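Asker: Have a look at the structure that comes next, please.
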Number of protein chains: 2
Amino acid sequence: MNELIQLKSAGLKSTLPRLKVLSLFESGNDRHLSAEDVYRKLLASGDDVGLATVYRVLNQFEQAGLLVKHHFEGDKSVFELNQGEHHDHIVCLQCGRVEEFYDATIELRQKKAAAERGFAVHDHSLYIYANCIKPKCQYKS
Amino acid sequence: MNELIQLKSAGLKSTLPRLKVLSLFESGNDRHLSAEDVYRKLLASGDDVGLATVYRVLNQFEQAGLLVKHHFEGDKSVFELNQGEHHDHIVCLQCGRVEEFYDATIELRQKKAAAERGFAVHDHSLYIYANCIKPKCQYKS
DNA sequence: TTACAAATGAGAATGATTAGCATTAGCAAC
DNA sequence: GTTGCTAATGCTAATCATTCTCATTTGTAA
């Protein structure tokens, strides 16, 4: 229930929609949610927020550093709670399962590659698209 | 002028729009082009192709393995000639400059990370967003 | 040259995301 | 507690990249 405090310290006014969205991510049932996902889930739990508001809130949360935004292959963006430690993602092309991982060597070599070419790394995104090895994979549809 | 042969061996009928698009990429003036870019350039050189056709052709070329498609941060996709050797990209957030690089260690560690978690890598995308170190960077706008 | 399937072009349709604007709700000062 | 003001919300319409539809045109093989 300290969502209120989180919002305040992020410099955001504490409003109903923002609290709802934040709680949803903190509930931890799904780490990776698209705007549409959030919208649906809130409606399902009887909370009446507009889709436009969901988009706005998600983006504000990203600016504020509460959430991180990802662009997995395809169209829609996906958000997840920012818990400090950076990590990359493996996405199953079959069932959509997302697994996170961190590899210090990869991080290091990236910085090196950039530096060698006259760039100062600001950010990076690494997505591995793969197939779950059966039987882990529940082929979707 | 062997674009014709390339199309044939890719199993594609040799048509005007396809030849034009392929030549454009082979001319090598810009390695990374969006559909819009291609469309504009063709119009500029007096070749009258429809935007829808450009999209179709680019996607067919991707299927055929002639081009590779990338999703740099933001909206539109970007295509580049597939010249066999895989590589990743560094994109300057300021001026848009794109540099390519390949790091065997990174590739290896990715495969390893995936395998350890029960995935068979199908594909991956790694984009480093950075800032050119001055004075290389011609700050855009 | 003919004939037919495949390709093209123009514009409508789609899907995700954002903008505009009237209405409502936090919140600080009475 | 009220009051009042600004920021936030919720619609809906707009945008932007991309895809679809379908009538027309173009390769190509016979």
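The values are calculated or read from the model by the stated rules, or taken from the named source; none is laboratory data. Fair warning: this is a prediction, and the values are worked out from it, not measured in the lab. Cβ atoms come from the backbone with ideal geometry, glycine included; neighbour counts cover every protein chain shown.
Asker: Output the residues belonging to the stretch B:1-30 that are part of a helix (DSSP H, G or I) and loosely packed, with under 15 Cβ neighbours inside 10 Å. It would help to see each step written out before you state the result.
Answerer: To start, the set of residues in the stretch B:1-30 that are part of a helix (DSSP H, G or I) comprises B:3-9, B:16-27.
Of everything in the stretch B:1-30, those that are part of a helix (DSSP H, G or I) and loosely packed, with under 15 Cβ neighbours inside 10 Å turn out to be B:4, B:5, B:8, B:9, B:16, B:23, B:26, B:27.
Asker: Follow-up. What is the one condition in (1) surrounded by fewer than 18 Cβ atoms within 10 Å (Cβ to Cβ); (2) outside any helix (DSSP H, G or I); (3) more than 7 Å from every other protein chain (Cβ to nearest Cβ); (4) among the hydrophobic types (A, V, I, L, M, F, W, C) that residue B:108 does not satisfy?
Answerer: With (1) surrounded by fewer than 18 Cβ atoms within 10 Å (Cβ to Cβ); (2) outside any helix (DSSP H, G or I); (3) more than 7 Å from every other protein chain (Cβ to nearest Cβ); (4) among the hydrophobic types (A, V, I, L, M, F, W, C) applied to residue B:108, the lone miss is (2).
Asker: Sticking with this one: Here are the criteria: (1) in contact with a helix residue (DSSP H, G or I) (Cβ under 6 Å, 6 or more places away or on another chain); (2) within 7 Å of chain A (Cβ to nearest Cβ); (3) of a type outside the set (Ser, Thr, Tyr). Tell me which single one residue B:119 does not satisfy.
Answerer: The failed condition is (1).
Asker: Same structure again: Scan (1) surrounded by 15 or more Cβ atoms within 10 Å (Cβ to Cβ); (2) at the interface with another protein chain (Cβ under 9 Å from one of its Cβ atoms); (3) closer than 21 Å to residue B:129 by Cα; (4) not hydrophobic (A, V, I, L, M, F, W, C) for the single condition residue A:70 breaks and write down its number.
Answerer: The single condition residue A:70 does not satisfy is (2).
Asker: Taking residue B:86 and the conditions (1) modelled with pLDDT of 90 or more; (2) at the interface with chain A (Cβ under 8 Å from one of its Cβ atoms), which numbered condition does it fall short on, given that it satisfies the others?
Answerer: Looking at each condition in turn, residue B:86 falls short on (2).
Asker: Can you find even one residue in the stretch A:70-89 that is more than 10 Å from DNA strand C (Cβ to nearest atom), touching a Cys at 6+ places or on another chain (Cβ under 8 Å), under 30 Å from residue B:109 (Cβ atoms) and not acidic (Asp, Glu)?
Answerer: no
Asker: Considering each residue of the stretch B:75-110, count those that are in contact (Cβ under 8 Å) with a residue 24 or more places away in the chain and among the β-branched types (Val, Ile, Thr), and give that number.
Answerer: Summing the residues that are in contact (Cβ under 8 Å) with a residue 24 or more places away in the chain and among the β-branched types (Val, Ile, Thr) in the stretch B:75-110 gives 4.
Asker: Somewhere in the stretch B:40-55, is a residue surrounded by 15 or more Cβ atoms within 10 Å (Cβ to Cβ), under 19 Å from residue B:100 (Cβ atoms) and among the hydroxyl-bearing types (Ser, Thr, Tyr)?
Answerer: no
Asker: Moving to a separate point now. Is it the case that some residue within the stretch A:80-101 is more than 16 Å from DNA strand D (Cβ to nearest atom) and assigned to a helix (DSSP H, G or I)? Spell out the reasoning first.
Answerer: Applying the first criterion (more than 16 Å from DNA strand D (Cβ to nearest atom)) to the stretch A:80-101 yields A:80-101.
Imposing the further condition that a residue be assigned to a helix (DSSP H, G or I) reduces the set to none.
For the stretch A:80-101, residues more than 16 Å from DNA strand D (Cβ to nearest atom) and assigned to a helix (DSSP H, G or I): absent.
Asker: Would you confirm whether any residue within the stretch A:3-19 is under 18 Å from the mean Cα position of the chain (by Cα) and under 17 Å from residue A:76 (Cβ atoms)?
Answerer: No, because not a single residue in the stretch A:3-19 is under 18 Å from the mean Cα position of the chain (by Cα) and under 17 Å from residue A:76 (Cβ atoms).
Asker: Let me ask something else about it. Which residue pairs have Cβ atoms under 6 Å apart, sit 6 or more places apart or on different chains, and have a first residue in the stretch A:1-16 that is under 12 Å from residue A:64 (Cβ atoms) and a second that is near DNA strand C (Cβ under 8 Å from one of its atoms)?
Answerer: A:7/A:14
Asker: Quick one: which of A:22, A:42 is within 15 Å of DNA strand D (Cβ to nearest atom), modelled with pLDDT of 95 or more, in the same structural domain as residue A:74 (by TED's automatic domain parsing) and under 14 Å from the mean Cα position of the chain (by Cα)? Outline the logic, then answer.
Answerer: Details: A:42 fails: under 14 Å from the mean Cα position of the chain (by Cα).
After ruling out the rest, the residue left standing is A:22.
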